[in-house]
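What follows is one structure encoded as structure tokens, with my remarks underneath.
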């Protein structure tokens with residue numbers, strides 16, 4: 001800002017419109033250089049422009065095979081007719097570690113009522129030991145698979161932050177008919193298990 005003020009003096013002999021234009025541009029650049037990054041936030045499916053895009057992208061990979069750290073592969077199509085929560089996470093992600101217990105509890109409450117929680121890790125398969133250790137330590141009682149490039153693109157494209165990569169965790173809740181009803185970017189305690197429970201319970205109650 002001091003630089004802008006200093007440069008104001010150098011333009012004292014120019015027409016007012018020129019000076020005003022320069023100041024407006026300089027101030028805009030100043031704001032752009034500041035850190036105004038928003039905290040991770042919940043995005044309602046009703047107001048999210050990407051909802052239809054995500055639904056189309058997910059539908060294109062719904063029948064594609066997803067490998068597990070252990071056990072046979074699966075596909076999202078296997079859970080047709082269920083409410084499905086898809087969480088993108090990684091062993092090296094601190095917020096993911098905070099969110100995982102919420103999903104464990106959510107799965108415990110509703111897995112016998114028609115809910116399927118699916119955790120897709122972006123860890124590489126060569127790090128399977130780390131994934132298995134994480135699963136065990138967190139008591140993960142839901143389906144875990146690897147998010148390869150197909151699934152990362154289908155779900156996360158368009159959510160890239162200033163680093164050029166999409167942030168995690170990202171959580172998606174799909175109704176029984178496959179419609180996206182909630183998309184959460186990042187972890188927030190106020191969108192923990194009770195918040196998720198309300199949405200899931202509402203969807204499970206629908207025919």
Is the stretch 93-100 home to any residue that is surrounded by fewer than 21 Cβ atoms within 10 Å (Cβ to Cβ), free of Cβ contacts under 8 Å to residues at least 12 places away in the same chain, under 20 Å from residue 185 (Cβ atoms) and out of contact with any strand residue (DSSP E or B) (no Cβ under 9 Å at 6 or more places or on another chain)?
yes
Output the residues belonging to the stretch 57-81 that are without any contact (Cβ under 8 Å) to a residue 60 or more places away in the chain, under 17 Å from residue 119 (Cβ atoms) and under 22 Å from the mean Cα position of the chain (by Cα).
65, 75, 76, 79
Out of all the residues in the stretch 112-126, is one or more surrounded by 15 or more Cβ atoms within 10 Å (Cβ to Cβ), assigned by TED's automatic domain parsing to the domain that holds residue 196 and touching a residue at least 60 places away in the same chain (Cβ under 8 Å)?
yes
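Condition check ((1) farther than 28 Å from residue 207 by Cβ; (2) in contact with a strand residue (DSSP E or B) (Cβ under 9 Å, 6 or more places away or on another chain)) across all residues:
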position	(1), (2)
133	yes, no
163	yes, no
169	yes, yes
172	no, yes
179	no, no
185	yes, yes
Would you pick out the residues in the stretch 101-110 that are touching a strand residue (DSSP E or B) at 6+ places or on another chain (Cβ under 7 Å) and more than 21 Å from residue 152 (Cβ to Cβ)?
106, 107
Helices (runs of 4 or more DSSP H) fully within the stretch 90-207 counting 3 or more residues that are more than 14 Å from the chain's Cα centre (by Cα):
94-110, 128-138, 193-205
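The values are calculated or read from the model by the stated rules, or taken from the named source; none is laboratory data. This one's a predicted model, so the numbers in the text were calculated from it and none came from an experiment. Here Cβ is always computed from backbone atoms with ideal geometry, including for glycine, and neighbour counts include all displayed protein chains.
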